[in-house]
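Below is one structure; the comments refer to it alone.
The values are calculated or read from the model by the stated rules, or taken from the named source; none is laboratory data. For clarity, every value in this text was computed on a predicted model and none was experimentally measured. FYI the Cβ positions are ideal-geometry reconstructions off the backbone, even for glycines, and counts take in every protein chain you see. Just so you know, the surface numbers come from the protein's heavy atoms only, side chains and all, with ligands and any DNA or RNA stripped out. Shrake-Rupley method; radii C 1.70, N 1.55, O 1.52, S 1.80 Å.
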Amino acid sequence: MQSGRIVKVAAAFCLSIGALGVVSFVPQAAEAQGAAPAACPNNPLIGTWKLDPMKSHVTRWGGKIPDRIVIIAPYGKEGITRVLIDEGDPRLSGREEHYSLNFDGKAYPTKGGDPRLMRWTRVDCNTYKTNTLRQLIFNLPDGTVKKYIPDGEIQSQGEVKVSADGKTLTDTHSGTLGDQSSYQDEVLVYDRL
């Protein structure tokens, strides 16, 4: 089964960077808006998530949603390492992209894809505000680099929210890609595996 193989590869990757350990997950009801992040007893993002294309909606890629798995492992005291795998990629291990970050509003680099910086802030125990800071702007149609921005500039904004029962992760976002095409009000819904 393709999903099982990819999950094993990604789990081995997370182990190799020392990100996975013994992790317990206790579903946590969403706290009131503005709750202090330190008051959260756990991180509901931790786990393996499979994209549900029937519940999701995108405005790019011709509306076709790629098969995806996201594995989120602990990083540091309260941060995460996020690994995204496109299952439909014809390469043996699939396209993989990852980054590690803390929820401190600082920008952290991605690896495995075009250079971007990710900035996450925890709003409450189950909600996170996200910004993607793009570093490369591409020319069309040849894909050559038009502009390089070392510190990045905000090109997309969104929100990641885990349901109160901990079974669903919803990622909503709008923004601009490196080729300067835009996408609006996209919703990616993942189910916990």
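Observations on the model:
- Size of charge dipole - region 87-193 - debye, nearest 20, with Cβ of Lys, Arg +1 and Asp, Glu -1, no other charges: 300
- Surface analysis of region 78-193 yields an accessible area of 46 Å² per residue, using protein heavy atoms and a 1.4 Å probe.
- Backbone N under 15 Å from the VAL187 label point (7 Å along Cα→Cβ), restricted to region 53-71: 53-59
- The P(r) of region 44-166 has a tail past 26 Å containing 24 percent of all C-alpha pairs.
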